[in-house]
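The values are calculated or read from the model by the stated rules, or taken from the named source; none is laboratory data. The shown structure was predicted, so the numbers you read here are calculated from the model rather than taken from an experiment. Glycine also receives a Cβ, built like all others from the backbone with ideal geometry; neighbour counts cover every protein chain displayed.
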Amino acid sequence: MSLAQPWVMADSLRRAWSLLWRPELRKFLLWPLAVNGVIFSAAYVTGYHYLNQWIQQLLPAWLIWLHWLLQPLFFVAFAVMLFFSFGVLANLIAAPFYSRLAARVEQLLGGDAQIPVEAGWRQSLGAESRRLLYLSSRLGPLSLLFLIPGLNLLAPLLWSVFAAWGFGLEYLSYPLENRGVLFPEQQAWARRRPLGVLSFGAAVGLGLSAPLLNVFVGPLAVIAAVLLVNQLEGDQRHVS
């Protein structure tokens, strides 16, 4: 069954929402939920004060007659950039908990994943840092597109695709790492399933932009990622 099929992703998110409230997972959720609450509150405050100002500065004056069309596109692009940046920051802080959450979900599904010990915290932060370096190396060139006349019209679309890809890589990495798949292999794994990774990442990004819901989206996405990886690898385990 392909991850690219919409109903597979929808079913995984539905199952993940049910698993989110399991008592066995509660201790892995408190810190990520607190982090997400603070980080995304800061994102909304930042967006409220600066988003419109950034858009006005970067919209080309020679296209003022198209502002009615371009302003909404740029607003969406900057909102994506904002929530992507704050989402990556939240993941960096919560990475050790997400790794342990993914392992615990695997155990609930009947797998043999082991909960990382305290030494694994450094490992989780190291893996998250490598992903952050990978994403950051692409943020610069993409951001420069907004400054190049003509190309800046493509920037909103390219940023949205990149954000979906980045979120897909971020959350699918946790179950993959617990299976021993390191970041270079994760990229190859994702490239073999581009539509699945993009559709999953787009759903996560949309959830992160929703007020209140975004507090729960990080842990929910980790659980859904475990379910999706299991399905994609042909492992149809269910929680008893």
Just give me the residues in segment 175-212 being in contact (Cβ under 8 Å) with a residue 24 or more places away in the chain, over 22 Å from LEU158 (Cβ atoms) and part of a helix (DSSP H, G or I), in sequence order. PRO175, LEU176, GLU177, ASN178, PHE183
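This table checks each residue for (1) of a type outside the set (S, T, N, Q); (2) surrounded by fewer than 14 Cβ atoms within 10 Å (Cβ to Cβ); (3) under 21 Å from ARG15 (Cα atoms); (4) in contact with a strand residue (DSSP E or B) (Cβ under 8 Å, 6 or more places away or on another chain).
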residue: TYR171; (1), (2), (3), (4): yes, no, yes, no
residue: VAL181; (1), (2), (3), (4): yes, no, no, no
residue: GLU185; (1), (2), (3), (4): yes, yes, no, no
residue: GLY196; (1), (2), (3), (4): yes, no, yes, no
residue: SER199; (1), (2), (3), (4): no, no, yes, no
residue: LEU206; (1), (2), (3), (4): yes, no, yes, no
Does at least one position in segment 186-201 carry a residue that is under 14 Å from the mean Cα position of the chain (by Cα) and closer than 24 Å to GLY37 by Cβ? yes
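If the requirement is being closer than 24 Å to PHE28 by Cβ and modelled with pLDDT under 85, which of these qualifies: GLY196, GLY168, GLY150, GLY180?
GLY180
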Please go through segment 102-129 and give me each residue that is of a type in the set (D, E, K, R), modelled with pLDDT under 80 and under 20 Å from VAL204 (Cβ atoms), ordered by number. GLU128
Considering segment 1-58, residues that are surrounded by 18 or more Cβ atoms within 10 Å (Cβ to Cβ) and assigned to a loop (DSSP other than H, G, I, E, B), and then whichever is modelled with the highest pLDDT, we arrive at LEU20
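Rundown of residues vs (1) out of contact with any Lys or Arg (no Cβ under 6 Å at 6 or more places or on another chain); (2) more than 17 Å from ALA202 (Cα to Cα); (3) in a loop (DSSP other than H, G, I, E, B); (4) at pLDDT 60 or above, yes/no style:
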| site | (1), (2), (3), (4) |
| --- | --- |
| LEU63 | yes, yes, no, no |
| MET81 | yes, no, no, yes |
| ALA90 | yes, yes, no, yes |
| ARG100 | yes, yes, no, yes |
